[in-house]
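Everything on this sheet refers to the single structure shown next.
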């Protein structure tokens, strides 16, 4: 099956050993891009001499506190992915930041970001965050990644009117709500949550990709205003009937694997979608109960498909 947007893989093991300070010595004051990935650093220090730095990557170290960055006022991209941070702090001086990555740490709260109003991308994957808050001033965000946390409710997003991509898979969210003002959203990835109903997307007329697999949805519904949908991933839910797709004339990919679809008549819904190229229906009763005839019957109903499940069809060549 084609890979859909999902939270990234396992956390890297932070290695033992002395900090590799020799790499710090190689940094020149006019360097614009500084990469100290896996340098075994325990502390942020030694950057005061940098005059024009644009990008600072401190990925996969042992840093426990954000500090000593106040002089890096030209910084636009800061990566602290995979460290030991427990708090977001001491970033107020970095007003030029457009991208901030604090994924794979131990932070419990989104905080102290009010001054970073130029941020366009914020990554907070795999932390211990329980609530979406304190980001109302980040009105220039176009991408927000909150996957693999402990969030239970979609909230605190109303002012993010420029948001185009929202990744919030692997949390504990039970309802699609509070998204009406996010009219620029093109992509929502909310896989592996606890959602039981498709709703709350009426105002998102620009939505192109919806990834909502691994939830508890029983019915495909309430998508009539999402006419720009190109990809709908609703695999691994509790869908019994393929329905509610008649307005989705731009749909090219429909992933409905691992559900409870049992009637071949449901393919009539798909046959009306002229741009449909890829369909996943494996591990539904229509496949498991007719293993040998399954592929032939799908292709008879949908002769223009380029891909069925993980296999390309003759139309793809």
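The values are calculated or read from the model by the stated rules, or taken from the named source; none is laboratory data. Remember, predicted model here, so these are calculated numbers, not experimental data. A quick note on method: Cβ atoms are made from the backbone with ideal geometry, for glycine too, and the neighbour counts reach across all protein chains shown.
Overview of results
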| quantity | calculated |
| --- | --- |
| Answer from 103, 136, 87 - the residue that is over 15 Å from the mean Cα position of the chain (by Cα) and surrounded by 15 or more Cβ atoms within 10 Å (Cβ to Cβ) | 87 |
| Residue list for the stretch 178-195, restricted to those being closer than 29 Å to residue 240 by Cα and surrounded by 15 or more Cβ atoms within 10 Å (Cβ to Cβ) | 178, 179, 185, 186, 187, 188, 189, 190, 191, 192, 193, 195 |
| Test: residue in the stretch 191-203 that is at pLDDT below 95 and in a loop (DSSP other than H, G, I, E, B) | no |
| Among (1) within 22 Å of residue 306 (Cβ to Cβ); (2) at pLDDT 95 or above - the single one residue 237 does not satisfy | (1) |
| Qualifying residues in the stretch 117-131 (those that are closer than 19 Å to residue 75 by Cβ and out of contact with any strand residue (DSSP E or B) (no Cβ under 7 Å at 6 or more places or on another chain)) - the one surrounded by the fewest Cβ atoms within 10 Å (Cβ to Cβ) | 117 |
| Residue match in the stretch 298-305 (condition: in contact (Cβ under 8 Å) with a residue 12 or more places away in the chain, more than 22 Å from the chain's Cα centre (by Cα) and more than 26 Å from residue 317 (Cα to Cα)) | no |
| Residue 56 in contact (Cβ under 8 Å) with a residue 24 or more places away in the chain, touching a strand residue (DSSP E or B) at 6+ places or on another chain (Cβ under 7 Å) and surrounded by 14 or more Cβ atoms within 10 Å (Cβ to Cβ) | no |
